[in-house]
Amino acid sequence: MFTGAANADTGLARELSSARARLASQERQIQELNHRVANSLQLAADMLTFEQLRSRDPSAQAALEASRARLVAVGELHRYLYDHADRPNVELRPFLTGLCQAVAATTGLSCTIDADAVTVNGDMAQQLAIAINEFAINAAKHAYNGAPGGRLDITCRRDGAELVLSVADHGPGLAADARPGGAGGLGMSIVAAIVRDLRGALSVRSDDGAVFTIRAPLPAAPATFNRSFRPSNPD
């Protein structure tokens with residue numbers, strides 16, 4: 001009997017060791033993929049810079065610069081999100097603070113954060129980060145005409161079972177196509193898709209600039225289980 005138990009323990013240890021080796025291999029592959037994606041984004045941005053220098057058409061130069069800036073911002077966002085990819089739950093205040101630094105580095109905006117202590121799942125945090133990145137790109141281009149130092153204020157509040165995220169700039173206000181239902185551009189299309197995925201709503205208003213607000217239900221907290229073997233109500 002003891003020999004059988006020892007053999008079973010040895011087999012289990014071997015399986016665990018094999019599983020750890022497979023997991024380590026998968027993690028190395030993911031890291032390699034992440035580096036390739038980041039390098040590809042940087043290469044694409046460099047190619048756009050080269051084409052911009054070659055072009056003599058002002059409108060083409062502007063379009064190429066906008067595309068290059070978007071790729072740089074997406075690349076920085078990709079690096080930041082990858083660092084948080086293995087976290088099932090994310091505390092939004094420090095997460096958004098770090099995101100703010102990444103946004104400032106790529107757009108030149110002066111970014112501020114005012115957030116409640118709210119924890120969301122990793123998927124929701126990533127989707128909110130992508131939306132904020134798009135709002136920042138929009139503000140840098142339209143509110144401040146590419147000039148560095150423009151202000152971007154991000155507030156995040158818990159309202160009952162919902163999360164309310166607002167991103168405000170201090171530019172000239174909103175164009176008609178920046179409002180929900182307008183034609184919009186790529187950035188607003190991305191934000192609209194994110195809001196649908198979050199089962200939320202997007203509102204836009206002018207208030208000393210443009211203010212974009214996403215209101216979305218907070219995911220239900222995962223169920224917790226009592227792992228104790230003690231009776232619930234001991235006598």
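Exactly one residue among 101, 127 is out of contact with any His (no Cβ under 8 Å at 6 or more places or on another chain) and over 30 Å from residue 61 (Cβ atoms), and that residue is 127. Scanning region 90-128 for residues that are farther than 22 Å from residue 192 by Cβ and in a strand (DSSP E or B) yields 90, 91, 110, 111, 112, 113, 114, 115, 119. Restricting region 131-160 to residues that are within 19 Å of residue 206 (Cβ to Cβ) and of a type in the set (Asp, Glu), the residue that is surrounded by the fewest Cβ atoms within 10 Å (Cβ to Cβ) is 153. Checking 136, 131 one by one, the residue that is modelled with pLDDT of 85 or more, in contact with a Cys (Cβ under 8 Å, 6 or more places away or on another chain) and assigned to a helix (DSSP H, G or I) is 136 and no other.
Considering (1) in contact with a Ser or Thr (Cβ under 7 Å, 6 or more places away or on another chain); (2) of a type in the set (S, T, N, Q); (3) at pLDDT 90 or above, the lone condition that residue 89 does not fulfil carries the number (3).
The values are calculated or read from the model by the stated rules, or taken from the named source; none is laboratory data. It should be emphasised that the depicted structure is a prediction, and the values quoted were computed from it without experimental measurement. Note that we place each Cβ from the backbone using ideal geometry, even for glycine, and neighbour counts take in every protein chain shown.
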